[in-house]
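Below: the structure, in structure tokens.
The values are calculated or read from the model by the stated rules, or taken from the named source; none is laboratory data. Since this is a predicted model, take the numbers as computed values, not measurements. A quick note on method: Cβ atoms are made from the backbone with ideal geometry, for glycine too, and the neighbour counts reach across all protein chains shown.
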Amino acid sequence: MKRQCVNGWRGRESGAERPRKETCFVNIRDAKPEDGLAIARVQVTSWQETYSGIVPQDYLNQLGIEERGARWTERLLEPGHVILVAEDEDGVFGFAAGGTVMHPVDGYDAELVGLYLLRSHHREGMGRALVHAFAAKLKPRGFQSMVVWALRENPACGFYERMGGVRVAEKTIEVGGAELPEVAFGWKDLEALCSGS
Ligand SMILES: CC(C)(COP(=O)(O)OP(=O)(O)OC[C@H]1O[C@@H](n2cnc3c(N)ncnc32)[C@H](O)[C@@H]1OP(=O)(O)O)[C@@H](O)C(=O)NCCC(=O)NCCS
């Protein structure tokens, strides 16, 4: 799937008038086992960018890209997962991953377990594009609905609400020795999410 960049103007918020790139294309595709390390790099970088001040810093500092990369490669070799990457000419800058619900919420059968973009690529429409593409992959596998868990303090909660997600559950999880509140956002109708309606 090829998509034109939604925001073709870097620095728009600071008033810059120079185009980011003359032709700014991104590609969303199924991840391959050889993408494991690139996915881990995005995951660790995005965790450190996003969760500083929310998750204990010691935990964020010790996250290792190599070992996570090996785990992603293993996962990519197993059947049943939906793992998509978003890339441009500089490489992978985002991913979406999940499949069958792992942290159950009544009435929801699929889960978006991870959605991460490098901060340099936020607010360009790629989060929305990844969620739509992820939902479109779930539908032919027989799933009807989808849930995603987010730390309550994560600004991404606003994104999920903007995407039509409804708060359907809460729990706490332990991360790096801290008990942190989480919220689940649910979409009852994957069909609507695929089409963006
Ligand atoms: C959450 C995330 C995936 C959103 O992706 P994005 O590409 O920045 O979002 P998009 O540009 O596709 O935005 C889609 C819409 O959501 C809105 N939006 C995006 N981030 C938002 C936020 N933090 N709060 C409120 N609204 C937000 C956008 O303004 C846009 O609204 P529009 O319909 O008026 O245009 C991205 O910010 C990210 O990777 N964050 C860090 C990792 C993370 O927290 N992941 C979630 C873990 S649960």
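Please find, among VAL26, VAL42, the residue that is within 20 Å of PHE159 (Cα to Cα) and of a type in the set (A, V, I, L, M, F, W, C). Even if it seems obvious, please write down each step before you answer.
Working: VAL26 fails: within 20 Å of PHE159 (Cα to Cα).
VAL42 is the lone residue from the list that is within 20 Å of PHE159 (Cα to Cα) and of a type in the set (A, V, I, L, M, F, W, C).
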Problem - Cβ pairs under 8 Å, 6+ apart, first in segment 148-161 and closer than 15 Å to LEU117 by Cβ and touching a residue at least 12 places away in the same chain (Cβ under 8 Å), second more than 6 Å from the ligand (Cβ to nearest atom) and in a helix (DSSP H, G or I) - result: VAL148/TYR160; ALA150/CYS157; ALA150/TYR160; ASN154/TYR51
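From the list GLY94, GLY69, pick out the single residue that is buried (at least 17 other Cβ atoms within 10 Å of the Cβ) and over 16 Å from the mean Cα position of the chain (by Cα). Give the steps one after another, and end with the answer.
Working: GLY94 fails: over 16 Å from the mean Cα position of the chain (by Cα).
Result: GLY69 is the single residue among GLY94, GLY69 that is buried (at least 17 other Cβ atoms within 10 Å of the Cβ) and over 16 Å from the mean Cα position of the chain (by Cα).
Among the candidates GLY107, GLY98, single out the residue that is assigned to a loop (DSSP other than H, G, I, E, B), modelled with pLDDT of 95 or more and of a type outside the set (Lys, Arg). Explain how you work it out, then say what you get.
Working: GLY98 fails: assigned to a loop (DSSP other than H, G, I, E, B).
One residue alone meets the criteria, GLY107.
Restricting attention to segment 119-142, report how many residues are within 15 Å of the ligand (Cβ to nearest atom) and in a helix (DSSP H, G or I). It would help to see each step written out before you state the result.
First, pick out the residues of segment 119-142 that are within 15 Å of the ligand (Cβ to nearest atom): 119-135.
Imposing the further condition that a residue be in a helix (DSSP H, G or I) reduces the set to 119-121, 126-135.
Counting residues in segment 119-142 that are within 15 Å of the ligand (Cβ to nearest atom) and in a helix (DSSP H, G or I) gives 13.
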Exercise for the section: For segment 168-197, enumerate the residues that are in contact with a helix residue (DSSP H, G or I) (Cβ under 7 Å, 6 or more places away or on another chain) and not in a loop (DSSP other than H, G, I, E, B). Expected result: VAL175, VAL183, PHE185, TRP187, LEU190, GLU191, LEU193, CYS194
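Kindly indicate which of GLU89, GLU174, GLU191 is surrounded by fewer than 20 Cβ atoms within 10 Å (Cβ to Cβ) and closer than 23 Å to GLY53 by Cα.
Values: GLU89 fails: closer than 23 Å to GLY53 by Cα; GLU191 fails: closer than 23 Å to GLY53 by Cα.
So the residue among GLU89, GLU174, GLU191 that is surrounded by fewer than 20 Cβ atoms within 10 Å (Cβ to Cβ) and closer than 23 Å to GLY53 by Cα is GLU174.
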Problem - Lone qualifier among GLU111, GLU161, GLU124 - being out of contact with any Pro (no Cβ under 9 Å at 6 or more places or on another chain) and closer than 19 Å to PHE95 by Cα - result: GLU124
Exercise for the section: Output yes when any residue across segment 110-120 is within 27 Å of ALA192 (Cα to Cα) and free of Cβ contacts under 8 Å to residues at least 12 places away in the same chain, and no when none is. Expected result: no
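State whether the residues of segment 164-171 include one that is surrounded by fewer than 18 Cβ atoms within 10 Å (Cβ to Cβ), touching a Leu at 6+ places or on another chain (Cβ under 9 Å) and more than 26 Å from ASN61 (Cα to Cα).
Filtering segment 164-171 down to residues surrounded by fewer than 18 Cβ atoms within 10 Å (Cβ to Cβ) leaves 164, 166-171.
Now narrow it down to the ones that are touching a Leu at 6+ places or on another chain (Cβ under 9 Å): 164.
Checking the rest, the ones that are also more than 26 Å from ASN61 (Cα to Cα) come to 164.
There is at least one residue in segment 164-171 that is surrounded by fewer than 18 Cβ atoms within 10 Å (Cβ to Cβ), touching a Leu at 6+ places or on another chain (Cβ under 9 Å) and more than 26 Å from ASN61 (Cα to Cα).
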Problem - Selection from segment 143-167 of residues that are of a type outside the set (Asp, Glu), more than 8 Å from the ligand (Cβ to nearest atom) and not in a strand (DSSP E or B) - result: PHE143, GLN144, SER145, ARG152, GLY164, GLY165
